[in-house]
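The values are calculated or read from the model by the stated rules, or taken from the named source; none is laboratory data. Note that this is a predicted model, so its numbers are computed, not measured. FYI the Cβ positions are ideal-geometry reconstructions off the backbone, even for glycines, and counts take in every protein chain you see. Surface accessibility is based on the protein's heavy atoms, side chains included, excluding ligands, DNA and RNA. Shrake-Rupley method; radii C 1.70, N 1.55, O 1.52, S 1.80 Å.
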Amino acid sequence: MNWTWFHRLASPPHVYAFAQRWTRWFGGAAALAMLIALYGGLLLAPPDYQQKDAFRMVYVHAPGAWLSLMIYTTMAVAAAVGLIWRMKVAHAAAAACAPVGAWFTVVALGTGMLWGKPMWGAYWVWDPRLTSELVLLFLYLGYMGLRAGIEDPAKADKASAVLAVVGVVNVPIIKFSVEWWNSLHQTPTVMQMGKPKMDGDMLWPLLLMFVAFALYFVAVLLTRLRAELLRRERNASWIREVVA
Amino acid sequence: MNSSFATFSDFLAMSGYGKYVWPCFLLGFGVVILNAWLASRSLAAAKLEARRRLEMNP
């Protein structure tokens, strides 16, 4: 098997050039997909037979919550790669994930609260799904706090990577919390085996919004990764060429 | 393709759930815009820092 691509990933100038080239494409595609999905979700999708137009909150809540988990998983994988292969770029990628992931956990919690009030009668309940998502926010904040608290970058990378990897156990807990325990939160509608339990006119804007959020995350990650690399590689000769 | 709302005020009302639906979208897409801005600001600051360092140690 040819491993050249993996070795290239370890090269900061190569990754920087890749990020520079691709960010606008991912960002542009994300913006376009988001606008179409918003139009479909807010205007074209029919109202739900029980929740009426309140169900439209799904177009923000579900992609936001999914992204909060996807970003944590990406961060943990990058941190593990950084630990195992001592790859600086991987540690930089993990560090770049954290603030974005924390923000989308806030989106998941905040939009969930706004949806919970009219449907459950309360903004917050200590339910397994909600509580484990709140733990995710603390994991992100803990990761960032740990990085900020250790001055030596190599030590900060290592310590925070261990936390990220250990914390990944929370991801399946969040995902399956609605099936393992009695939860007010509904079970999956789209991400399940077999056919989604949703009408096609409601489903396509949601699926497109998932794609849009994923593309958006790649664009933001690549931008943050470039900033991380510039700061970490401050004495490298390639910096001169890219900022000149 | 037809909109599922008859009037613009129906759209704003969201069948009575407007006070939850609109803040929900505002929060979600506010964070989307905020994070794009924070990332570009961080990159611009890192570039400026690198340029200054190069000027000081040519």
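A few remarks follow.
- The listed residues A:Trp115, A:Trp85 rank as A:Trp85, A:Trp115 when sorted by accessible area, largest first, using a 1.4 Å probe.
- For the segment A:230-242, counting C-beta atoms of other chains within 10 Å of every residue's C-beta and taking the mean gives 3.
- Ratio Rg/Rh [Cα only; Rh per Kirkwood] for chain A: 1.01
- Taking label positions 7 Å along the Cα-Cβ direction at both A:Arg240 and A:Lys158, the computed distance is 3.3 nm, reported to one decimal.
- Counting only other chain Cβ atoms within 10 Å of each residue's Cβ, the peptide A:106-113 averages 4.
- In degrees, nearest ten, helix A:200-232 long axis to first principal axis of chain A (Cα): 20
- When the listed pairs A:Lys52/B:Lys19; A:Lys52/A:Lys175; A:Lys52/A:Lys117 are checked against a 21 Å cut-off, the alpha-carbon distance exceeds it for A:Lys52/A:Lys175.
- For the pair A:Trp124 and A:Ile84, the difference between a 0.36 nm per residue extended length and the Cα-Cα distance amounts to 10.4 nm.
- Full extension of the chain between A:Leu44 and A:Thr4 gives 9.7 nm of extra length, using 0.36 nm per residue less the Cα-Cα distance.
- Label-zone membership for the range A:212-233, site A:Ala29, 7 angstrom Cα→C-beta point, backbone N under 20 Å: A:212-226
- In this calculation the C-beta distance from A:Ser183 to A:Met144 is compared with R0 = 30 Å, giving a FRET efficiency of 0.55.
- Lys, Arg +1 and Asp, Glu -1 on Cβ, resulting dipole of chain A about Cα centre, debye, nearest 20: 680
- Each residue, A:Glu151 and B:Thr7, gets one label point 7 Å from its Cα in the Cβ direction; the gap between the two is 6.7 nm.
- Once the C-beta distance of A:Phe176 and B:Phe29 is scaled by a Förster radius of 35 Å, the resulting FRET efficiency is 0.75 to the nearest 0.05.
- Of B:Ser15, A:Val106, A:Trp126, farthest towards positive along the dipole that unit charges on Lys, Arg, Asp, Glu beta carbons give the protein assembly as shown: A:Val106
- When the protein assembly as shown is described by a simple charge dipole with +1 on each Lys and Arg Cβ and -1 on each Asp and Glu Cβ, the residue from A:His61, A:Leu139, A:Leu184 located farthest towards its positive end is A:Leu139.
- Mean partner shielding of peptide A:20-31, defined as the number of other chain Cβ atoms within 10 Å of each residue Cβ, is 1.
- Between 0 and 90 degrees, the angle of helix A:58-85 with respect to the longest Cα principal axis of chain A falls at about 30 degrees.
- Cα long-axis angle, helix A:128-149 against chain A (0 to 90 degrees, to the nearest 10): 20
- Loop-located chymotrypsin sites (Phe, Trp or Tyr not before Pro) in the range A:1-82 whose Cβ has at most 12 other Cβ within 10 Å (DSSP): A:Trp3, A:Tyr49
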